[in-house]
1. How many of the residues in region 5-30 are over 13 Å from the mean Cα position of the chain (by Cα), in a helix (DSSP H, G or I) and either exposed (fewer than 11 other Cβ atoms within 10 Å of the Cβ) or of a type in the set (K, R) (or both)?
2. Could you check A142 against (1) at pLDDT 90 or above; (2) closer than 23 Å to Y22 by Cβ; (3) small (G, A, S) and say which number it fails?
3. Select from region 77-87 the residues that are surrounded by 14 or more Cβ atoms within 10 Å (Cβ to Cβ) and either more than 16 Å from L54 (Cα to Cα) or out of contact with any Asp or Glu (no Cβ under 8 Å at 6 or more places or on another chain) (or both) and write down the one among them that is modelled with the lowest pLDDT.
4. Give the residue, chosen from R132, R154, that is at pLDDT 85 or above, in contact with an Asp or Glu (Cβ under 8 Å, 6 or more places away or on another chain) and of a type in the set (K, R).
5. Count, please, the residues in region 31-73 that happen to be of a type outside the set (S, T, Y), crowded, with 17+ Cβ neighbours inside 10 Å and assigned to a loop (DSSP other than H, G, I, E, B).
6. Strands (runs of 3 or more DSSP E) wholly in region 95-191 with at least 1 residues that are of a type in the set (S, T, N, Q) and within 22 Å of G63 (Cα to Cα) - which ones?
Amino acid sequence: MDRKQAETGSTRKLFVTEYDKYRDHLLRLDGESRRMRFGMAVDETFIRNYAERLQDLKSIIYGHTVDGEVRAAAELRPLGSAVNGEAEAAFSVEEPFQNSGIGTELLGRVIRAARNRSIHRIYMNCLAENRRMQAVAKKYDAVLEFDQGDVVGRVQPSSAHYFSIWREAVEDEMGFVMAVLDLQRKFLPAA
C-alpha cells in the first residue's frame, strides 16, 4: 500500500458503539503486527477479552478507516487516576497499510487529545526491534529509553489552547458525519 492509497481513507475518533470495528481490526493483524502492538504473541481470545474491556479502560481510540473498516488505530488510555496527567498510547497498523504515514497522523491526533485533556506525559512502550514506531515517536520529539529489552518513549504535549480544542471539536463533528455515512453504507444496498 502506498501513501496515495492510504489517503483514500479517513482518520477519526471512534465512538464506543464502534469498538467492534477496532476489535475486528486487531483480529485482522498478522502475527508479527499483533506482537508489535501487544509486545508479545497474542491469540484471538486475548484480543476479544481485551476489546470487551475497552470502555472500562476509558480509552480514546482513533481509527483510520478505509471503506468503512478500521485498518489502523491508536489508543490513548489514562494511567492511574485522571488527575495524575499521564497516559499510555498504543498503535496498530495492518500490514498492507504500513509505511504510508498513517502512524504519524495517528500519533499527532493522540498528542492533541492528550493536550486537550491536560495529560502532560504520554508513554509508548514498544519492542526494541520496532524501529518503525520509534521513528514515528522521534518525529514528535519523544525521548526514547531502553528498559529491559523494550523501548519506552515519552512525549510531553504542550498545554491546550483554544485552537487545539476547536480543531478536535471540528474533527469530532466530521468524524460523526463519517460514522453516519459508514453506517448508511453498511445498511443500505448499493445503487
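1. Total meeting the criteria: 3.
2. (2)
3. Among them, the one singled out is G85.
4. R154
5. Residues in region 31-73 being of a type outside the set (S, T, Y), crowded, with 17+ Cβ neighbours inside 10 Å and assigned to a loop (DSSP other than H, G, I, E, B): 2 in total.
6. Numbers: elements: 121-127, 143-147, 150-155.
Here the list reads 121-127.
The values are calculated or read from the model by the stated rules, or taken from the named source; none is laboratory data. The shown structure was predicted, so the numbers you read here are calculated from the model rather than taken from an experiment. Quick reminder, even Gly has a Cβ in these numbers, built from the backbone with ideal geometry, and neighbours come from all protein chains shown.
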